[in-house]
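J.: Structure provided below as structure tokens; questions to follow.
The values are calculated or read from the model by the stated rules, or taken from the named source; none is laboratory data. All of these numbers come straight from a predicted model, not from anything done at the bench. All Cβ positions, glycine included, derive from the backbone under ideal geometry; neighbour counts span all protein chains shown. Accessible surface is based on the protein model in full, side chains and every heavy atom, while ligands, DNA and RNA are left aside. Shrake-Rupley method; radii C 1.70, N 1.55, O 1.52, S 1.80 Å.
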Amino acid sequence: MRKLRIIVCLMFVASCVIFGIYTVKIRMVEDHTPPVITCEEDTISVSVEAEESELLQGVTAKDNRDGDITKSIRISSKSHFTEKGKCTVEYIVFDKANQAGTAQRTLIYTDYTSPKIHLTKPLKYTVSELKSADLTADMTAEDCLDGDLTNQIRTSLGDSFYDYEPGTYEITAQVSNSYGDVCAVPLEVTVTDNTDRTESSKSYPMLSEYIAYTKVGSEIDLGSYLKGIMRGGAEYTFAEDGAYIEVSPDQIQIQSNVDYSKAGTYTVNYSYTPEGGVEAVTKLAVVVEE
């Protein structure tokens, strides 16, 4: 019995020694050193049209066992803008042991422009239309980096908007891209009375766009947005129907309070009043950007 105990103890000790040697050997063989990514420059400047390969210029990676693994580098993320068109790009690479190496640098888009919302029809409804109206139905949005953002447009409405009374109401149409840059445009919604018989006889100026964009110090030709008139739900353009309608572009009054020296959103009124008739006003939102 004593010999058996000695044998069992010896076997246990031998097992522990073998396990210890195996563990040490495995740890010596395992790769615990992640690869290293190096960027030649701390900042890279590219166009918004740049391919991923351009964003990888000047970035290399080496591993203590795998050697040069530059071809395996990928872009893992881009941060929100710290300034307009400026963000942080992070690179990542894995070696054969699945160890990850990362690096960051500043990315600047040289020709970046903020996302823009466009409006192709005026925000004008009767009281009954307003109750079921989709205010974004005639809006589109695009971004130079993310592309089409139309389905992400949102509107914020004031409490008085739900009174469903004739009048003018302020709303804000807003959209943002994946970099956190927001386009927010204050707009005016005109609500008319269903029983107002004069509405069918009004000739509303029709525009090619109902939101216009420009830069500080750069004036725009407001008259160039005139496209025709709308009357009783029908549209007439000066180019195609000018000979058959009584309104000409020079009969439409343009009232503007746009301050081109200061960033902001301004409202321009286009109005037409026929002799002995009722005035009809169409609004253009002019966004002056920095």
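J.: Work out the length of the dipole vector of the chain about its Cα centre, built from +1 on the beta-carbon of each Lys and Arg and -1 on the beta-carbon of each Asp and Glu, and round it to the nearest 20 debye. Show your work: numbers first, answer last.
T.: On the way: 26 positive and 45 negative charges, 539 e Å.
Using Cβ point charges on Lys, Arg, Asp and Glu, the chain gives about 2580 debye.
J.: Quick check for me: using +1 on Lys/Arg Cβ and -1 on Asp/Glu Cβ, what's the dipole size of the range 124-204 about its Cα centre, in debye to the nearest 20? Write out the running numbers ahead of the final one.
T.: Working: 5 positive and 16 negative charges, 44 e Å.
Dipole magnitude for the range 124-204 comes out near 220 debye.
J.: On a straight-distance basis, which aspartates and glutamates could pair with K202 in a cross-link, Cα separation under 13 angstrom, same-chain partners fewer than 8 positions away excluded?
T.: Output for K202: E235, E246, E275, E279.
J.: Could you tell me which label, among (i) 33.0, 126; (ii) 20.5, 70; (iii) 20.0, 64, carries the value of Rg and Dmax of the Cα atoms in Å calculated for this structure?
T.: It is the value labelled (i).
J.: Further question on the same structure: Starting at the first residue of the range 273-290, write each ³J(HN,Hα) from the Karplus equation 6.51 cos²θ - 1.76 cosθ + 1.60 with θ = phi - 60°, in whole Hz, x for Gly and Pro.
T.: 3J(HN,Hα) across the range 273-290, in whole Hz: 10, x, 4, x, x, 10, 5, 10, 10, 10, 10, 10, 8, 10, 9, 9, 9, 4.
J.: If amide H atoms are built 1.01 Å from N in the plane of the peptide, which residues on other chains or at least 5 residues away come under 5 Å of the amide H of L149?
T.: A141, E142, D143
J.: While we're looking at this one, here's another question. Please go through the range 71-160 and write out the trypsin sites (Lys or Arg not before Pro) that DSSP classes as loop and that have at most 10 other C-beta atoms within 10 Å.
T.: Taking the range 71-160 and a limit of 10 other Cβ atoms within 10 Å, the loop trypsin sites (Lys or Arg not before Pro) found are K131.
J.: Hey, another quick one. Within the range 67-118, how many lysine pairs that are 8 or more places apart, or on different chains, have C-alpha atoms less than 22 Å apart? Show your work: numbers first, answer last.
T.: Working: K71/K96; K78/K86; K78/K116; K84/K116; K86/K116.
Final tally of qualifying lysine pairs is 5.
J.: Same structure, new question: Angle between the Cα long axis of helix 2-29 and the longest principal axis of the chain, 0 to 90 degrees, nearest 10?
T.: 40 degrees
J.: Only helical DSSP H runs with n ≥ 4 go in: add -39500 (n - 2.57) per run for the chain, normalise by residue count and round the 222 nm mean residue ellipticity to 500 deg cm²/dmol. Numbers along the way, then the final one.
T.: Details: 4 runs with 40 residues, N = 290.
Only helices count here, giving -4000 deg cm²/dmol.
J.: I'd like to check one number: the per residue accessible area of the chain, probe 1.4 Å, reported in Å² as a whole number.
T.: Numbers: 17350 Å² over 290 residues.
Here the per-residue accessible area is 60 Å².
J.: Over the chain, with every protein chain in place, what whole percent of the accessible area is carbon and sulfur at 1.4 Å, could you tell me? Intermediate results must be reported in sequence, preceding the final value.
T.: Numbers: 8620 of 17350 Å².
So the carbon and sulfur contribution to the accessible surface is 50 percent.
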